[in-house]
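The values are calculated or read from the model by the stated rules, or taken from the named source; none is laboratory data. Here the structure is a predicted model, which is why all the values come from computation and not from measurement. Cβ placement follows ideal geometry from the backbone for every residue including glycine, while neighbour counts extend to all protein chains displayed.
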Amino acid sequence: MIVLDTRVLSAFSETKRLPLLQEILIRLGIKAIIPHTVKKDIIFPDMISAIDKNGGWISVEKVHDFGKYLKTIHHGEAGVITLAKKHGWIAALDDLDARKIARKEQVKITGTLGIIKKAYGKIISTELIRTQN
């Protein structure tokens with residue numbers, strides 16, 4: 001499971017590539033979730049329709065006890081770290097301060113570029129090898 005932050009979702013959404021993120025995660029066998037603190041920040045229509053309560057592919061979970069991070073980072077990032085730490089999931093964060101806190105809390109992290117890199121390493125390179133044979 002991967003816990004997505006608003007910035008990661010926005011990076012794909014703003015470039016009209018949210019379906020690409022969905023395809024990457026499906027092909028990697030990774031399910032997506034956001035904390036309710038991220039859901040509050042979602043403004044793009046494609047992101048709203050991606051939430052499972054709206055028939056989409058992103059689950060939402062309510063988080064508690066994320067207040068200790070709010071002096072340093074945004075409530076969305078705090079929710080991502082809290083949820084990922086609670087379940088031992090990967091936190092997808094692009095913000096440097098949030099990534100520092102996640103590392104300190106021993107939460108596994110990635111970001112937009114990490115997701116793309118993983119897709120290239122696991123999906124694209126495998127397909128290139130297949131087409132060459």
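Which residue, of Ala50, Ala84, Ala119, is of a type in the set (Gly, Ala, Ser) and modelled with pLDDT of 95 or more? I'd like the intermediate steps shown before the answer.
Details: Ala50 fails: modelled with pLDDT of 95 or more; Ala119 fails: modelled with pLDDT of 95 or more.
Ala84 is the lone residue from the list that is of a type in the set (Gly, Ala, Ser) and modelled with pLDDT of 95 or more.
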Condition set free of Cβ contacts under 8 Å to residues at least 60 places away in the same chain and among the acidic types (Asp, Glu), scope the stretch 91-107, selection surrounded by the fewest Cβ atoms within 10 Å (Cβ to Cβ): answer is Asp97
Which numbered condition trips up Val107, out of (1) more than 11 Å from Ile34 (Cα to Cα); (2) among the aliphatic types (A, V, I, L, M); (3) assigned to a helix (DSSP H, G or I)? (3)
What residue, of Ser59, Ser49, is farther than 18 Å from Gly114 by Cα, in contact with a strand residue (DSSP E or B) (Cβ under 7 Å, 6 or more places away or on another chain) and among the hydroxyl-bearing types (Ser, Thr, Tyr)? Ser59
Of all the residues that make up the stretch 6-42, how many are touching a strand residue (DSSP E or B) at 6+ places or on another chain (Cβ under 6 Å) and assigned to a loop (DSSP other than H, G, I, E, B)? 1
